[in-house]
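The values are calculated or read from the model by the stated rules, or taken from the named source; none is laboratory data. Here the structure is a predicted model, which is why all the values come from computation and not from measurement. Glycine gets a Cβ as well: all are built from the backbone with ideal geometry, and neighbour counts include every protein chain shown. The area values use the complete protein model at the heavy-atom level, side chains included, leaving out ligands, DNA and RNA. Shrake-Rupley method; radii C 1.70, N 1.55, O 1.52, S 1.80 Å.
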Amino acid sequence: MITHLFRGQRRYLERGKRMKKIIEVENLTKTYQELKAVDNLSFFVEEGEILGLLGPNGSGKSTTINCLLSLLHYDRGRIRIFGQDMTPDAYEIKKQIGVVFQDVAVFEELTVRDNIDYFCGLYIKEKALRKQYVQEAVELTGLEEFVKFYPKQLSGGLLRRLNIACGIAHRPRLIFLDEPTVAVDPQSRNSILDGIRVLRERGATVVYTTHYMEEVEQLCDRIIILDRGKIIAEGTNEELKELTGIEEKVTVELKKIEDRQVEAIRGLEHVKEVTRSRNLLTIIYGEGTNNFGKLLAFLEQESVRYDKIYSERPTLNDVFLELTGKELRD
Ligand code: ADP
Ligand code: MG
């Protein structure tokens, strides 16, 4: 197991010198009685990126966001947004921020369009402009057919999309989304992820929290992995996967194999580890190209019989497992 607390720190420092930083967090700590919900976090968010905060439930994602927004008092640390200190009365900063909270918060007595118009109206007073922004938000979240619906008529996924539309309609420069896809259907999830990519294309910077590793893999330019309030790793998807030391993982669902053949596989080029449990043989490669092809040729030559065989790249779950000894999955 890797013992360093914060892998990727050198890259992080190098990159930090180059890009414009929209958020800078230094030594942020927030405790609840004995519990360190956020434990000495330091990180930055660059302009125009989608930063993923990935961590299991209770790892401190929402607490971090609420501190960044000055909604919570924190024990220690410094938070700068757009180059200025973030404080509860930093209204110039707050005007340029959009927030989509984990819990849906909309008005039951207003239609979809009126809800979006209300939240947009907190920032945009001019009517014609607001109409345009509201329409943009409707299209971005794919709610065109539902603008006259009331929240209680919407499915869970559509309600989440409305929550997002309300948070981003005023075209904020910086957007926080806290677990916006929990318990939504796959169609809404894809629509939400696509919408977030569009927001980035339009120049927004996005901070996205989730406990779904597949989402950060698909969506985020850079990922910070949290566990128990601490940053345990930071980097791009590829950089994080390098931390596992795994290049490729091949699984064979065996029909029959002899022990000497398993031993021979252990001896193949670039093979780092071979494990066998019942009918599953797992072969881990640390490096190399065409490992899968060479293994297939070997199995063919040895007449090893199997049902299925597949090759995978390491996942962020493998990264989490390597760093914490635990599964990221629920
Ligand atoms: P996440 O968003 O990653 O699921 P949270 O930031 O909500 O995690 O919570 C981090 C930790 O802080 C958890 O252990 C949670 O139980 C605790 N916590 C959050 N809010 C409070 C609170 N108001 N009082 C006491 N403990 C809290
Ligand atoms: Mg949370």
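General remarks:
- Taking 7 Å steps out from each Cα toward its Cβ at residue 32 and residue 47 produces label points 3.7 nm apart.
- The peptide list 283-289, 242-248, 165-171, put in order of mean Cβ contacts within 10 Å with the highest first, becomes 165-171, 242-248, 283-289.
- Annotation: amide H-H contacts under 5 Å for residue 248 (H modelled 1.01 Å from N, sequence separation of 5 or more, or interchain): 285.
- Sorted largest first by accessible area at a 1.4 angstrom probe radius, with every protein chain in place, the residues 241, 272, 21 fall in the order 272, 21, 241.
- Mean-position separation - Cα centroids, region 245-295 and region 155-172, in angstrom: 47 Å
- Listed by chain and number, the lysines whose alpha-carbon sits under 17 Å from that of residue 308, ignoring those within fewer than 8 places in the same chain, are 249, 255, 256, 294.
- Residue-count net charge about residue 307 - beta-carbon cut-off 14 Å; Lys, Arg +1, Asp, Glu -1: +4
- Cα-based radius of gyration of region 144-297 once divided by 2.2 N^0.38 Å, which approximates compact folds: 1.48
- Whole-percent carbon and sulfur share, accessible surface of region 99-171, 1.4 Å: 53 percent
- Relative contact order (%) - criterion: Cα under 8 Å, at least six apart; region: region 112-198: 35 percent
- For region 188-267, diffusion coefficient by Stokes-Einstein and Kirkwood Rh (Cα), 4 °C, 1.567 mPa s, µm²/s: 80 µm²/s
- Scoring 157-164, 302-309 by mean Cβ neighbours within 10 Å over their residues and listing the highest first yields 157-164, 302-309.
- For the pair residue 242 and residue 125 in one chain, pulling the backbone fully straight at 0.36 nm per residue adds 37.2 nm over the alpha carbon distance.
- Here is the size of region 176-231 from its Cα atoms: Rg then Dmax, 11.6, 34 Å.
- Calculated FRET efficiency, residue 290 to residue 202, Cβ-Cβ distance, R0 = 35 Å: about 0.25 to the nearest 0.05.
- Rg and Dmax over the alpha-carbon atoms of the chain stand at 23.5, 77 Å.
- Long pairs among 61/230; 61/125; 94/125; 21/95; 125/152, criterion Cα-Cα beyond 22 Å: 61/125; 125/152
- GNM top mover of 25, 252, 207 - the chain, alpha-carbon springs below 10 Å: 252
- Between region 110-147 and region 42-82, the alpha-carbon center distance in angstrom: 28 Å
- Note on residue 32: accessible area is roughly 90 Å² with a 1.4 Å probe, heavy atoms of protein only.
- Length-normalised contact order of region 186-235 in % [C-alpha pairs under 8 Å, at least 6 apart]: 20 percent
- Cubic angstrom per residue, convex hull over Cα atoms of region 53-171: 133 Å³
- Stretch gain in nm, segment residue 20-residue 214, where the contour uses 0.36 nm per residue and the Cα spacing is subtracted: 67.1 nm
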